[in-house]
1. What list of ³J(HN,Hα) values in whole Hz, one per residue of the stretch 133-144 in order, does the Karplus curve 6.51 cos²θ - 1.76 cosθ + 1.60 (θ = phi - 60°) give from phi, with Gly and Pro shown as x?
2. Given axes a ≥ b ≥ c from the Cα gyration tensor, I'd like to know whether the stretch 173-287 is rounded (a/c under 1.5), prolate (a/b larger than b/c) or oblate.
3. Suppose R0 equals 41 Å; then what is the FRET efficiency for Q155 and L260 from their Cβ-Cβ distance, rounded to the nearest 0.05?
4. Please list, in order along the stretch 172-180, the HN-Hα scalar couplings obtained from phi with the Karplus expression 6.51 cos²θ - 1.76 cosθ + 1.60 (θ = phi - 60°), rounded to whole Hz, x for Gly and Pro.
5. Taking amide hydrogens as modeled 1.01 Å from N in the peptide plane, which residues meet the under 5 Å criterion relative to T269, leaving out close sequence neighbours?
6. Could you tell me the distance between the Cα centroids of the stretch 236-283 and the stretch 164-226, to the nearest Å?
7. Please list, ordered by chain and number, the residues whose modelled amide H lies under 5 Å from the amide H of T217; skip anything fewer than 5 residues away on the same chain.
Amino acid sequence: MPEHESVEKHGSPAQEVGDFLRRRGEQVAQRWADEPLFRTVFTVSRDEAVEAGKIVVEALAQVADTNQVHDPDAAGFTVVREQLSRMGAARSRAGFTTAQVSNDVNALRPPVENLLLADLPDASADRVRECTTALTVLMGTLRLVVLETALSEGQALIERQRLQLLEVATPVIKLWDGIVAVPLIGTLDSARSQVVMESLLEAVVEQRARFAILDITGVPTVDSLVAQHLMKTVAATRLMGAECVVSGIRPAIAQTIVHLGLDLGTVLTRASLADALAYALHELGADIINATPGGAGSR
């Protein structure tokens, strides 16, 4: 059969690949079920892996039908993003690198290509080359889609871990009935300052605190942005019905605040966490007793 007649019968090479995928979808899915990307995600049932493979094969056939094998935004890839990309993301969460996920997706191409070559025994060499090229492009685009999702999932995981670290690094401590404190250590940025505010306000409500202490003894530097965040936290705490005390303002930080021209006149401050606690206890009506070396005490 002349080449132009073959084109008229089968359409474009990409469309012929789409026809092939539908004809051999079951066989492709069976072979994919034994590949690492499917085998290590669907560990309970191989049949589940085969069914997932069928869904992906049908989605790829839809992409091939529209001759958009090079376009990762083709409509058919929506299903792929929901199915195969989720599997790639699972591999990424399990600790596999992007390169390993890429290799897993690349391993899906040889089984399909072998089936395609067996399905075109009477086609001309040119037609075989065109179809295999179309399949290669399609599988390459598939790999791009999976990697995009895996990278996105990896970034989301990093962001979740970062927020968790911020929460762990910003504990709210109950010092006394009605008194909570946040001892800050390390650099403050916008994200961490927001976590500080949210955690402190939640603690004020849960503990019904009348005093909230922000101790910045462990904060190395304070710039205008950090100072603004502290002011907002103080204001928000007051709105919740608690008085906020900022402690631990070291000489270097005090000089920085003065040089920046920041007005902290409305903010209650104390030199140390102990001084801030003593102030809050006094305001609550508690007596503080300093023990002497001999064991006696004085009020």
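What follows is calculated from the coordinates using simple rules that are stated; it is not laboratory data. Bear in mind the structure is a predicted one, so any value in this text is a computation, not a measurement. Note that we place each Cβ from the backbone using ideal geometry, even for glycine, and neighbour counts take in every protein chain shown.
1. 5, 4, 5, 4, 5, 4, 5, x, 5, 4, 4, 4
2. Numbers: a/c = 1.82, a/b = 1.40, b/c = 1.30.
Here the stretch 173-287 falls in the prolate category.
3. Values: r = 34 Å, r/R0 = 0.84.
Plugging the Cβ-Cβ distance into 1/(1 + (r/R0)^6) gives 0.75.
4. Couplings: 9, 10, 7, 8, 6, 4, x, 10, 10 Hz.
5. V246
6. Between the Cα centres of the stretch 236-283 and the stretch 164-226 lies a distance of 13 Å.
7. Long-range HN contacts for T217: L184.
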